[in-house]
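Heads up: the structure comes next, in structure tokens.
The values are calculated or read from the model by the stated rules, or taken from the named source; none is laboratory data. The structure displayed is predicted, hence computed values, not measured ones. Every residue, glycine among them, receives a Cβ derived from its backbone with ideal geometry; neighbour counts consider all protein chains shown. With ligands, DNA and RNA removed, areas are computed over all heavy atoms of the protein, side chains included. Shrake-Rupley method; radii C 1.70, N 1.55, O 1.52, S 1.80 Å.
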Amino acid sequence: IYTLELRRRGVDLSRPAQTSPRADTITISAVMIPVPAALHAGDNLAKAARALARSRQGVLPVVDADGAYAGTVSAHAVAEALADGEHDTTHVSEVADLPTALGSVDPLDFALQVLDDAGGAVPVLDPDGHQVVGWLTHQAALNVLRPTPRGRDSIGSHQLTPRSTASPPVPGGGR
């Protein structure tokens, strides 16, 4: 009976179900979002706290004096270090972490495991592994894996434009 109702509604049961694209066929470069402003390894934790307070992901990339990738720093790590009131001038490099970084040509299925282990945003590095060229988040990965309605240009072509990283409007105003 249910099959007959679906056919009356125009559902073609002989057609394959719409599925999400396979994560092993999508490269990270098709999914990554722009890199947030990096902190320098020599910046103090008070400056890092201000930058992290404005960060959408609660984690920022860290670069050395030459601009090369030197890790990431999280809001949690900075807050923990600042909690005793004695580390305002401590350098970011002292609390930075060096998570597994991704390459822009790595497949998304690999990236999902790295994202899961990191618990937040993960840097995407250039082929030499020295410069951060993108940022991968759970939201960006989910957006690309979400099935799209039939008849639209979809993920299958891998022609993606990252969603805006602009902050959402403030309820009640700003006017």
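Quick look at the values:
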read-out	value
Number of the condition not met by G134 [criteria: (1) among the small types (G, A, S); (2) at pLDDT 70 or above; (3) loosely packed, with under 13 Cβ neighbours inside 10 Å]	(3)
Filtered residue count, the stretch 104-118, keeping only those that are open to solvent by 20 Å² or more (accessible area, probe 1.4 Å) and out of contact with any strand residue (DSSP E or B) (no Cβ under 6 Å at 6 or more places or on another chain)	9
Every residue from the stretch 28-62 that is under 23 Å from S104 (Cα atoms), surrounded by 14 or more Cβ atoms within 10 Å (Cβ to Cβ) and small (G, A, S)	S29, A30, A38, S55, G58
Counted residues, the stretch 79-103 - those being over 24 Å from the mean Cα position of the chain (by Cα) and not in a helix (DSSP H, G or I)	9
Residue match in the stretch 159-175 (condition: at positive phi, open to solvent by 90 Å² or more (accessible area, probe 1.4 Å), at pLDDT 50 or above and not acidic (D, E))	yes
Matching option when the condition is crowded, with 17+ Cβ neighbours inside 10 Å, among the aliphatic types (A, V, I, L, M) and out of contact with any Pro (no Cβ under 9 Å at 6 or more places or on another chain), among A75, A65, A121	A75
Residues of the stretch 50-68 satisfying the condition of being in a loop (DSSP other than H, G, I, E, B) and over 11 Å from A37 (Cβ atoms)	R56, Q57, G58, D64, A65, D66, G67, A68
All positions within the stretch 2-23 that are surrounded by 11 or more Cβ atoms within 10 Å (Cβ to Cβ) and either closer than 30 Å to A101 by Cα or at pLDDT 90 or above (or both)	S20, P21, R22, A23
Meets criteria (hydrophobic (A, V, I, L, M, F, W, C), open to solvent by less than 50 Å² (accessible area, probe 1.4 Å) and modelled with pLDDT of 90 or more) for V144	no
All positions within the stretch 78-103 that are within 18 Å of H40 (Cα to Cα), of a type in the set (V, I, T) and open to solvent by 80 Å² or more (accessible area, probe 1.4 Å)	T89
